[in-house]
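No lab work stands behind these numbers, since they all come straight from the coordinates. Bear in mind the structure is a predicted one, so any value in this text is a computation, not a measurement. In this analysis, Cβ positions are derived from the backbone assuming ideal geometry, glycine residues included, and neighbour counts consider all displayed protein chains.
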Amino acid sequence: MRVLPVGDEALLVEVSSGDEAQALHAELLRRRADGSLTVREIVPAARTVLLDGVLDAARLAAELTAADVPPAPPRAGEVVDIPVRYDGPDLRDVAALWGVSEREVARLHAGTEFRVAFCGFAPGFGYLTGLPSRYDVPRRATPRTAVPAGSVALAGPYTGVYPHASPGGWQLIGTTDAVLWDHTRVPAALLSPGTRVRFVAVAPGVPDPVGLP
């Protein structure tokens, strides 16, 4: 673990993996909730966690540098269900990469519980983890200039849902009508770091999704 100062009141904690970043984020949230940590913002990313509004940055940096990242706690909280039609234009390519049928891609994806590791790229876009590493897929060699809002996509170890139409290079496997970002809603984002997510197949789709083997 490496702790870097960011100005006078912020720290950037670098860890070695996405799993460690998620575990550290959960631990820091727990400490803030029980009053043992005073910080304004805790923002996870792929392999870092940013703490902003730290009262004594030097003391906390020393404490974090000497600490071990505890294992992530069991997943808790309600699950956000996102209905999805597995009809994406890259579904066939993903099936070929996985060595399974298109129907099986849908069954595996809908049978997995995901967790929002971090958010970024666009307001409301969450990077979801949960699929085993053998299902990692590369980004497209040529990104699309326009990906429709509601596209359910894969890239590397992540699943994501495009909240707005935008350019993008992820593999599109489905579509949803769920609203990921609404500035009139509180909170505006449907997903936030740590949120548990499940994709529910709807017609045309897959009945009775099953878990991963």
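Stretch Glu41-Ala58 to full length: gain in nm at 0.36 nm per residue minus the Cα-Cα span?
On the way: separation 17, 0.36 × 17 = 6.12 nm, distance 1.69 nm.
Extending this stretch completely gives an extra 4.4 nm.
For Rg/Rh (Cα atoms, Kirkwood Rh), which listed value, (i) 1.08; (ii) 1.01; (iii) 1.04, comes from the coordinates shown?
Checking each listed value against the structure points to (ii).
Choose one answer from Thr184, Thr145, Thr175: the residue with the largest mean-square fluctuation in a GNM of the chain with alpha-carbon springs under 10 Å.
Answer for the Gaussian network model of the chain: Thr184.
Which one, Ala153, Ala66, Ala117, has the greatest fluctuation when you compute a Gaussian network model over the chain with C-alpha springs under 10 angstrom?
Maximum fluctuation in the GNM of the chain, among the listed residues, is at Ala66.
Using only alpha carbon pairs under 8 Å that are at least six residues apart, calculate the relative contact order of the chain and give it in whole percent. Show your work: numbers first, answer last.
Values: 465 pairs, mean separation 47.4, N = 213.
Once divided by the residue count of the chain, the mean separation gives 22 percent.
What percent do you get for the relative contact order of segment 79-201 when only Cα pairs under 8 Å and 6+ apart count?
Working: 289 pairs, mean separation 45.5, N = 123.
Relative CO of segment 79-201 lands at 37 percent.
Rounded if a/c is under 1.5, else prolate if a/b is larger than b/c, else oblate: which is segment 2-66, with a ≥ b ≥ c the root eigenvalues of its Cα gyration tensor? Before the final figure, lay out each step's value.
Values: a/c = 1.61, a/b = 1.19, b/c = 1.36.
Oblate is the answer for segment 2-66, as a/c is 1.5 or above yet b/c matches or exceeds a/b.
Going by alpha carbons, how many degrees (0 to 90, nearest 10) lie between the helix axis of 57-66 and the longest principal axis of the chain?
The answer is roughly 70 degrees.
How much length would be gained if the chain were fully extended between Thr184 and Ser166, taking 0.36 nm per residue of separation minus their Cα-Cα distance, in nm to one decimal? Walk me through the numbers on the way to the answer.
Values: separation 18, 0.36 × 18 = 6.48 nm, distance 2.09 nm.
Separation in residues times 0.36 nm, less the Cα-Cα distance, equals 4.4 nm.
Can you run phi through the Karplus equation (6.51, -1.76, 1.60; θ = phi - 60°) for segment 115-126 and list ³J(HN,Hα) in whole Hz, with x for Gly and Pro?
These are the phi-based 3J(HN,Hα) values: 9, 6, 6, 6, 10, x, 6, 8, x, x, 8, x Hz.
With each label point set 7 Å from Cα along the Cα-Cβ vector, what nm distance links Arg30 and Val6?
2.3
Top mean-square fluctuation among His183, His164, His25, Gaussian network model of the chain, C-alpha springs under 10 Å?
Among His183, His164, His25, the largest GNM mean-square fluctuation belongs to His183.
Give the residues of segment 114-141 whose amide nitrogen is closer than 11 Å to a point set 7 Å from the Cα of Ser17 in the direction of its Cβ.
From segment 114-141, the list is 133.
For segment 144-149, just list the computed ³J(HN,Hα) in residue order, Karplus coefficients 6.51, -1.76 and 1.60, θ = phi - 60°, integers in Hz, with x standing in for Gly and Pro.
7, 6, 8, 10, x, 4
For every other residue with a beta carbon closer than 15 angstrom to the beta carbon of Gly99, add +1 if it is Lys or Arg and -1 if Asp or Glu, then tell me the sum. It would help to have the intermediate numbers written out before the result.
Details: positive: Arg92, Arg103, Arg107, Arg134; negative: Asp93, Glu102, Glu104, Asp136.
Charge balance in the 15 Å sphere: 0.
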